[in-house]
1. Report, ordered by chain and residue number, the aspartates and glutamates lying within cross-link reach of Lys57, taken as a straight Cα distance under 19 Å and ignoring same-chain residues fewer than 8 apart.
2. R0 = 35 Å: FRET efficiency of Asp113 with Lys87, Cβ-based, nearest 0.05?
Amino acid sequence: MIGGKKNNSSGEIRSILGEGLRINGNIVAEGKVRIDGEIVGDVKGDYIILGESGRIKGNVLTNEIVVMGSIEGNIQSEEVEIKSSGKIQGDIVTKKLFVELGASIEGHVKTGDFSSKEVQIENKE
């Protein structure tokens, strides 16, 4: 793993998009969301967990994301964690990046100081 990631299990999941569910259209979500189905469209949210069966075909804008499934699109996030089963085809712009051995990334990555001007997530506090 690149970097050291603590397990962020605080806060309960507010919404679940289950396996077998397919949504065509953009999603805007508050709180922690788990996606095990397929979304064709852009996703914006506070904290996204993309399960192993989860698929996103669109861009993602979030504060934090954990990727175990696949994304075909660009990601802008404060923090990105890609698990060994995660697959990303698209560019990633993030302040913090955590990658497990076996994860797949095809695209450009901007992280750390290089990303600070591009990652602009609205705080809802």
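Read-outs: derived from the displayed coordinates by stated rules, not from any lab. This one's a predicted model, so the numbers in the text were calculated from it and none came from an experiment. All Cβ positions, glycine included, derive from the backbone under ideal geometry; neighbour counts span all protein chains shown.
1. Excluding near neighbours in sequence, the set is Glu19, Asp36, Glu38, Asp42, Asp46, Glu72, Glu81, Asp91, Glu106.
2. Taking R0 as 35 Å, the efficiency between Asp113 and Lys87 is 0.85.
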